[in-house]
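*Asks:* Supplied in structure tokens, the structure appears directly below.
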Amino acid sequence: MQHTRRGPAALATTVALATATAGLLGACSAAAPDEASEGSSDTYTWWDPYPQHDESSDWAARVQQCGTDAGVTIERTAYDTTALTNQALLSAQEGTSPDVILIDNPAVSTLADTGMLSTVDELGLDTSAIDENLLAAGVAGGDAYGVPIGANTLAIYYNKEVLDAAGVDPAAVTDWASLTAALEKVTAAGSKGITFAGIGTEEGSFQFLPWFWGAGADLRELDSPEAVAAVELWKGWLDAGYAPNTVITNSQNTTWEEFLTGEYAFVENGTWQVNSAAEAGFETGIIQIPARDGGGAPAPTGGEFIVAPVQEDAERYEVTRQIVECMTTPEGFVETATTFAYYIPPTAEGQAALLEQNPELEPWVSAVQDAKGRTSDDLGTDYPIISEQLWTAVQNALSGAGSPEEALKAAQTEAETATS
Amino acid sequence: MHDYTIRAFVQGNAEFVGFDKYAEVFGSTTFPTALLNTAVFTLVSILFQYAAGLALAVFFRSGFRLSGVLRAMFLVPWLLPLIVSASTWAWMLSSENGIVNSVLGAFGVPQINWLTSPDTALLSVIVANIWLGIPFNLVILYSGLQNIPGELAEAASLDGAGAWKQFWSITFPLLRPVSAITLLLGLIYTLKVVDVIWVMTTGGPGNSTTTLAIWSYREAFGTGQPDFSPAAAVGNVLILIALVFGFLHLQLQHRQEGS
């Protein structure tokens, strides 16, 4: 029988090691902020959520060029989208904010609420050319806090072969009833109907909003009859087998993969899949998401804003303004659009220039013109709270945990308590 | 506790609100669901992890050919990055094209919505978590078994005790201290599981797989509006629960040493 007991010497070593490690860690974390705050006057920091574009990419080169034009060097750091918001908040807390951040549009009002962003007026930017509905996502309390660098939105892609086989004409899909009828025909012909993302995150709300708004519902009133109708539409598709049960956990990428199998007639997805759709093994097309009684439903806008966090040294704003302006010229917008397949430019001039190069993007340009910012209608920082309740309600209704009315009623109660 | 809204977070002027945030958390409709899910998730997980780990440890103790290789292979779930194993489980359990449903379908079982039905989602994440936790239990219990001298079993078998009797009268009682620490560590690990559930269901559908840990994570990082104060309150509740069981363990140990 062996009993090994650790002697006092061994224990002492462990303690010493642990202390040394802790000391080292402490030293590291203490050193980091000092480094960051050493922003010299001719180096400007730039954060964006595009880690897929590395230092050697065209995008990075363009950012550098804008810095060179303004006579400074730009230090660019790319973060993951969700990490970027947290990083921005942390840096603001430590007083080491970067000069320019490209950030997802619903986060703008959240950051603005903390007082860490300068307004476009403070920067001296001219935003008069930018489409009102796109700029609205960055407006809080009457002040605009950033400039959209491009916008994307949702539409319905269809698989032409599946529709032809079932004898469905995509042009005839103009309202909810005709869409459901099309789904019925397609599934009767042996294909699968539609797929969308109902995942329990912001993506789920993003995908649900065109139907929600298309029914005429308002985010301040989640339990309105219009909202119930929108949830019932999705729930009805699931129950009838027009949509797969996996939509409850699908992300937008998953739905796209499902669509690319060629089994589905329709998928709700965004501008960013245009290139992938062109390369699909079958012919595809898009239609605007229909509103309940016909016409195009307002889809939520996606896409990033350029924002400039408040700096202690106000003299930096002049160069920051030059950098932002350089990124937002009509040619700049078109370049951004093609780099990110596709961001529709937020100005009429930019849209015209883009259509000249890519006339097939016409339906997307009109979808963006109809689109609506999620934080618009003066929802601002209430939006994320309401959105969380909305996706929870959709999930509860789709999975059968409650009826659409019950789920939305509960969501409205929660949202009211949380935002009041 | 201070009320850290994101504004206060940046400006550093969080208001002291005493126990308001705790009241808010306890009063929330999510709290009872999350607490119940946490209890079911934790208890069922560690029970099965422990039972399976113990059975395997006893099995491998006999040291047959290839037992070393097999034992090493049982460590794979532990070695895989969690995101990999959780995604794999999510694919396997997918309603439309998951392998589990297609195997069941071959036997005529209708489609089961493992991850998307409120009735089975919790079960699914528990199964995945049990699979992940077995290696840990196996390793600790196996090393515990090494410390039980073989002579005792020999003596017992001379006295005519069968394998079953030997296990319950000798191995299991002698393994008690190791079992206690395994269960305690398992409990603490399982209480704070976020990754597996988050990858498989993000706590949904609705709130049906939301545990306290998931809830805390969601409040802080899962929405566009970081809400650190309730997240911290929920986190503290979790620490308290773990602490209670820790003291329980100490108490048991004292009693054992006393006797």
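The values are calculated or read from the model by the stated rules, or taken from the named source; none is laboratory data. These figures come from a predicted structure and were not determined experimentally. All Cβ positions, even for glycine, are placed from backbone atoms using ideal geometry, and neighbour counts span all protein chains on display.
Every residue, every condition in (1) over 22 Å from A:Val168 (Cβ atoms); (2) surrounded by fewer than 20 Cβ atoms within 10 Å (Cβ to Cβ), yes or no:
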| residue | (1), (2) |
| --- | --- |
| A:Gly262 | no, yes |
| A:Gly270 | yes, no |
| A:Gln273 | no, no |
| A:Ala280 | no, yes |
| A:Gly285 | no, yes |
| A:Asp293 | no, yes |
| A:Gly296 | no, no |
| A:Pro300 | yes, no |
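*Asks:* Another question about this same structure. Just checking, does the stretch A:371-379 include any residue being among the hydrophobic types (A, V, I, L, M, F, W, C), touching a strand residue (DSSP E or B) at 6+ places or on another chain (Cβ under 7 Å) and modelled with pLDDT of 85 or more? Step through it out loud before you land on a result.
*Replies:* Keep residues of the stretch A:371-379 that are among the hydrophobic types (A, V, I, L, M, F, W, C), which gives A:371, A:379.
Pick out the ones that are also touching a strand residue (DSSP E or B) at 6+ places or on another chain (Cβ under 7 Å) and you get A:371.
Filter once more, keeping what is modelled with pLDDT of 85 or more: A:371.
Yes: one or more hits.
*Asks:* Check A:Gly402 against each of (1) outside any helix (DSSP H, G or I); (2) out of contact with any Ser or Thr (no Cβ under 6 Å at 6 or more places or on another chain); (3) more than 8 Å from chain B (Cβ to nearest Cβ) and name the one condition it does not meet.
*Replies:* Unmet for A:Gly402, out of (1) outside any helix (DSSP H, G or I); (2) out of contact with any Ser or Thr (no Cβ under 6 Å at 6 or more places or on another chain); (3) more than 8 Å from chain B (Cβ to nearest Cβ): (3).
*Asks:* Residue under question is A:Val307, and the condition is that it be at pLDDT 90 or above and of a type in the set (A, V, I, L, M, F, W, C); does it hold? Full working, then the answer.
*Replies:* Working: at pLDDT 90 or above: yes; of a type in the set (A, V, I, L, M, F, W, C): yes.
Considered against the rule, which asks whether it is at pLDDT 90 or above and of a type in the set (A, V, I, L, M, F, W, C), A:Val307 comes out as yes.
*Asks:* Taking the stretch A:290-346 on its own, how many of its residues are of a type in the set (S, T, N, Q) and either touching a Lys or Arg at 6+ places or on another chain (Cβ under 9 Å) or within 18 Å of A:Tyr145 (Cβ to Cβ) (or both)? I'd like the intermediate steps shown before the answer.
*Replies:* Let us first name the residues in the stretch A:290-346 that are of a type in the set (S, T, N, Q), namely A:301, A:311, A:320, A:322, A:328-329, A:336, A:338-339.
Retained after the next criterion (residues that are either touching a Lys or Arg at 6+ places or on another chain (Cβ under 9 Å) or within 18 Å of A:Tyr145 (Cβ to Cβ) (or both)): A:301, A:311, A:320, A:328, A:336, A:339.
Number of matching residues: 6.
*Asks:* Another question, then. Residue check, B:Val44 against (1) modelled with pLDDT under 90; (2) aliphatic (A, V, I, L, M); (3) within 20 Å of B:Asp195 (Cβ to Cβ), all met but one. Which one?
*Replies:* (1)
*Asks:* Every residue in the stretch A:128-172 that is in a loop (DSSP other than H, G, I, E, B) and modelled with pLDDT under 85, please. Even if it seems obvious, please write down each step before you answer.
*Replies:* To start, the set of residues in the stretch A:128-172 that are in a loop (DSSP other than H, G, I, E, B) comprises A:128-129, A:131, A:141-142, A:145-146, A:149-150, A:153, A:167-169.
Matches in the stretch A:128-172: A:Gly141, A:Gly142.
*Asks:* What is the residue count in the stretch B:201-227 for residues that are more than 10 Å from every other protein chain (Cβ to nearest Cβ) and either in contact with an Asp or Glu (Cβ under 9 Å, 6 or more places away or on another chain) or surrounded by fewer than 23 Cβ atoms within 10 Å (Cβ to Cβ) (or both)?
*Replies:* Initial filter on the stretch B:201-227 (more than 10 Å from every other protein chain (Cβ to nearest Cβ)): B:211-217.
Among the residues that remain, those that are also either in contact with an Asp or Glu (Cβ under 9 Å, 6 or more places away or on another chain) or surrounded by fewer than 23 Cβ atoms within 10 Å (Cβ to Cβ) (or both) are: B:217.
Count: 1.
*Asks:* What's the number of the condition A:Thr81 fails, among (1) within 28 Å of A:Gln207 (Cα to Cα); (2) touching a helix residue (DSSP H, G or I) at 6+ places or on another chain (Cβ under 6 Å); (3) within 12 Å of chain B (Cβ to nearest Cβ)?
*Replies:* (2)
*Asks:* Does at least one position in the stretch B:18-29 carry a residue that is touching a residue at least 60 places away in the same chain (Cβ under 8 Å), within 14 Å of chain A (Cβ to nearest Cβ) and of a type in the set (A, V, I, L, M)?
*Replies:* Yes: one or more hits.
*Asks:* Consider only pairs whose beta carbons are under 9 Å apart and that are at least six residues apart or on different chains; among these, list those whose first residue lies in the stretch A:354-366 and is among the small types (Gly, Ala, Ser) and whose second residue is outside any helix (DSSP H, G or I).
*Replies:* A:Ser366/A:Gln288; A:Ser366/A:Gly296
Yes or no, residue by residue, for (1) closer than 21 Å to A:Ser224 by Cβ; (2) of a type in the set (Val, Ile, Thr); (3) not assigned by TED's automatic domain parsing to the domain that holds A:Gly204:
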| residue | (1), (2), (3) |
| --- | --- |
| A:Glu356 | no, no, yes |
| A:Val365 | no, yes, yes |
| A:Glu388 | yes, no, no |
| A:Gly400 | no, no, no |
| A:Glu405 | yes, no, no |
| A:Ala411 | yes, no, no |
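*Asks:* While we're here: Tell me yes or no: at least one residue of the stretch A:384-399 is at pLDDT below 90 and more than 10 Å from chain B (Cβ to nearest Cβ).
*Replies:* Taking every residue of the stretch A:384-399 in turn, none turns out to be at pLDDT below 90 and more than 10 Å from chain B (Cβ to nearest Cβ).
*Asks:* Taking the stretch A:182-206 as the search range and keeping residues that are more than 14 Å from the chain's Cα centre (by Cα), at negative phi and surrounded by fewer than 22 Cβ atoms within 10 Å (Cβ to Cβ), which one is farthest from the other protein chains (Cβ to nearest Cβ)?
*Replies:* A:Lys185
*Asks:* Of everything in the stretch B:5-16, what is loosely packed, with under 15 Cβ neighbours inside 10 Å and touching a residue at least 12 places away in the same chain (Cβ under 8 Å)? Give them in sequence order. If you could, list the steps in order and put the result at the bottom.
*Replies:* Pass one, the stretch B:5-16, residues loosely packed, with under 15 Cβ neighbours inside 10 Å: B:11-13, B:15-16.
Result: B:Glu15, B:Phe16.
*Asks:* Out of all the residues in the stretch A:76-88, is one or more touching a Pro at 6+ places or on another chain (Cβ under 7 Å), in a helix (DSSP H, G or I), surrounded by fewer than 19 Cβ atoms within 10 Å (Cβ to Cβ) and among the β-branched types (Val, Ile, Thr)?
*Replies:* Yes, the stretch A:76-88 contains at least one residue that is touching a Pro at 6+ places or on another chain (Cβ under 7 Å), in a helix (DSSP H, G or I), surrounded by fewer than 19 Cβ atoms within 10 Å (Cβ to Cβ) and among the β-branched types (Val, Ile, Thr).
*Asks:* Residues that are within 14 Å of chain B (Cβ to nearest Cβ), without any contact (Cβ under 8 Å) to a residue 40 or more places away in the chain and more than 18 Å from A:Gly193 (Cβ to Cβ): which strands (runs of 3 or more DSSP E) entirely in the stretch A:239-335 hold 1 or more of them? Let's see the steps before the verdict.
*Replies:* Working: elements: A:264-270, A:284-287, A:304-307.
Strands (runs of 3 or more DSSP E) meeting the threshold: none at all.
*Asks:* Looking only at the stretch B:61-80, decide whether some residue is within 13 Å of another protein chain (Cβ to nearest Cβ) and either surrounded by 13 or more Cβ atoms within 10 Å (Cβ to Cβ) or modelled with pLDDT under 85 (or both). Please lay out each step first, then the result.
*Replies:* Quick first cut of the stretch B:61-80, residues within 13 Å of another protein chain (Cβ to nearest Cβ) only: none.
No: zero hits.
*Asks:* Looking only at the stretch A:362-399, count every residue that is aliphatic (A, V, I, L, M), surrounded by 24 or more Cβ atoms within 10 Å (Cβ to Cβ) and in a loop (DSSP other than H, G, I, E, B) and tell me the total.
*Replies:* Residues meeting the conditions: 1.
*Asks:* Could we say that A:Leu90 is under 18 Å from A:Arg374 (Cβ atoms), aliphatic (A, V, I, L, M) and either away from every other protein chain (no Cβ under 14 Å) or free of Cβ contacts under 8 Å to residues at least 24 places away in the same chain (or both) here?
*Replies:* On the way: under 18 Å from A:Arg374 (Cβ atoms): no; aliphatic (A, V, I, L, M): yes; either away from every other protein chain (no Cβ under 14 Å) or free of Cβ contacts under 8 Å to residues at least 24 places away in the same chain (or both): yes.
Considered against the rule, which asks whether it is under 18 Å from A:Arg374 (Cβ atoms), aliphatic (A, V, I, L, M) and either away from every other protein chain (no Cβ under 14 Å) or free of Cβ contacts under 8 Å to residues at least 24 places away in the same chain (or both), A:Leu90 comes out as no.
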